[in-house]
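Written below as structure tokens is the structure these notes are about.
The values are calculated or read from the model by the stated rules, or taken from the named source; none is laboratory data. Note that the structure is predicted; figures quoted are calculated from it, not measured. Cβ placement follows ideal geometry from the backbone for every residue including glycine, while neighbour counts extend to all protein chains displayed.
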Ligand code: HEC
Ligand code: HEC
């Protein structure tokens, strides 16, 4: 029994040592290749090789030295730091499932991620931040084989009207945003407690009633972009296939009526006496179905 365990252990150690050796060899070579990764935004060019020190100092504690999201602080943090080896990102201007642009990552790093432990890195210089973006990209081969998606087009914001807010509310009901976000945006819809992210971790919908800023920005255009591209890796889908560009603005206006800060949209909703949607209300009475005319002779 003892010898058997001992043999097994020796064997396991040997296998591990061998695997470790070949892994280290491959990564050392690949690492040099991968550190050639570049990023471009705001007329600055980033080089992954320029961010090695900054990444270890500022990012590795959460995102891990290997970029796998398993830094030493990760256990204490919810939501968990992003695993960069998967190259799945929440904040993108590009369609669902595609890689974000360098500009997308550059603005995320500068802005930080609201309602999470991801800080804003604007105190670092633009050069440092774009180097870090290249470094984030160097963790996944997806950036070598795929191009970022084409950013969605966002038409100019139309004039706000009461009709647009009402149309936006109808969309909120029809597209079933309420199932997760709740009828008045309190993140308490019937599905809210059942949601998990791609890595099977519980995740909460955004609470419009309490929160002013989104993870992926805070302007009207950011809001438009969020539900037209979705947050990859989460149950928050893209609605690009279900919403026309003009309708998307109606939805933006309606969502603004749900938020805690004072908005023009909220003012209009108040004047309208707008009530939260009621998805359980009986459907409006349908016209009576025509009765079969049983006493008339049937055509032969
Ligand atoms: C204190 C922990 C912490 C540190 C330090 C940190 N991050 Fe993060 N980061 C997070 C968390 C947590 C998330 C995930 C937030 C979420 O999913 O809501 C995240 C997400 C990200 C994302 C993905 C955003 C998206 O669109 O999905 C990027 C890119 C990123 N971090 C870059 C960096 C860089 C670069 C640094 C270092 C300069 C850094 N982070 C330092 C915690 C941290
Ligand atoms: C299946 C559930 C589900 C549905 C349906 C859904 N959402 Fe979400 N939504 C989520 C989750 C979960 C999050 C939070 C993601 C996160 O924190 O990473 C979210 C986040 C958001 C955010 C904030 C994103 C950010 O950057 O912080 C907005 C805005 C949003 N949803 C709008 C909508 C709209 C509009 C609809 C309907 C057209 C909708 N959602 C439908 C689950 C859903």
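Worth a mention:
- Among residues of region 175-233, those that are in contact (Cβ under 8 Å) with a residue 24 or more places away in the chain, more than 7 Å from ligand 2 (Cβ to nearest atom) and in a helix (DSSP H, G or I), counted: 7
- Residue 97 being part of a loop (DSSP other than H, G, I, E, B), within 16 Å of ligand 1 (Cβ to nearest atom) and at pLDDT 90 or above: yes
- Selection count where residues are more than 16 Å from ligand 2 (Cβ to nearest atom), in contact with a helix residue (DSSP H, G or I) (Cβ under 6 Å, 6 or more places away or on another chain) and not in a helix (DSSP H, G or I), scope region 140-156: 1
- Of the residues 69, 46, 50, the single one that is in a strand (DSSP E or B), buried (at least 17 other Cβ atoms within 10 Å of the Cβ) and not assigned by TED's automatic domain parsing to the domain that holds residue 229 is 46.
- Residue in region 72-80 that is in contact (Cβ under 8 Å) with a residue 12 or more places away in the chain, under 18 Å from residue 222 (Cβ atoms) and under 18 Å from the mean Cα position of the chain (by Cα) present: no
- Condition check for residue 130: within 30 Å of residue 266 (Cα to Cα) and away from ligand 2 (no atom under 14 Å from the Cβ): no
- Filter result for the condition that a residue is within 14 Å of ligand 1 (Cβ to nearest atom), within 22 Å of the chain's Cα centre (by Cα) and surrounded by fewer than 13 Cβ atoms within 10 Å (Cβ to Cβ), over 148, 202: 202
- Test: residue in region 126-139 that is within 10 Å of ligand 1 (Cβ to nearest atom), modelled with pLDDT of 95 or more, outside any loop (DSSP other than H, G, I, E, B) and under 27 Å from residue 252 (Cα atoms): no
- Just one of the listed residues (117, 122) is more than 16 Å from ligand 2 (Cβ to nearest atom) and surrounded by fewer than 18 Cβ atoms within 10 Å (Cβ to Cβ), and it is 122.
- The selection criterion, being within 19 Å of residue 243 (Cβ to Cβ), under 18 Å from the mean Cα position of the chain (by Cα) and either more than 16 Å from ligand 1 (Cβ to nearest atom) or buried (at least 21 other Cβ atoms within 10 Å of the Cβ) (or both), does not hold for residue 155.
- Here the condition is being part of a helix (DSSP H, G or I) and within 7 Å of ligand 1 (Cβ to nearest atom); of 91, 62, it holds for 62 alone.
Here's the yes/no breakdown for (1) over 19 Å from residue 160 (Cβ atoms); (2) surrounded by fewer than 21 Cβ atoms within 10 Å (Cβ to Cβ); (3) away from ligand 1 (no atom under 13 Å from the Cβ); (4) outside the structural domain of residue 97 (by TED's automatic domain parsing):
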| site | (1), (2), (3), (4) |
| --- | --- |
| 208 | no, no, yes, yes |
| 213 | yes, yes, no, yes |
| 223 | no, no, yes, yes |
| 229 | yes, no, no, yes |
| 234 | yes, yes, no, yes |
| 237 | yes, yes, yes, yes |
| 241 | yes, yes, yes, yes |
| 244 | no, yes, yes, yes |
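- Some residue of region 108-115 being within 14 Å of ligand 1 (Cβ to nearest atom), touching a residue at least 24 places away in the same chain (Cβ under 8 Å), outside any loop (DSSP other than H, G, I, E, B) and touching a strand residue (DSSP E or B) at 6+ places or on another chain (Cβ under 6 Å): no
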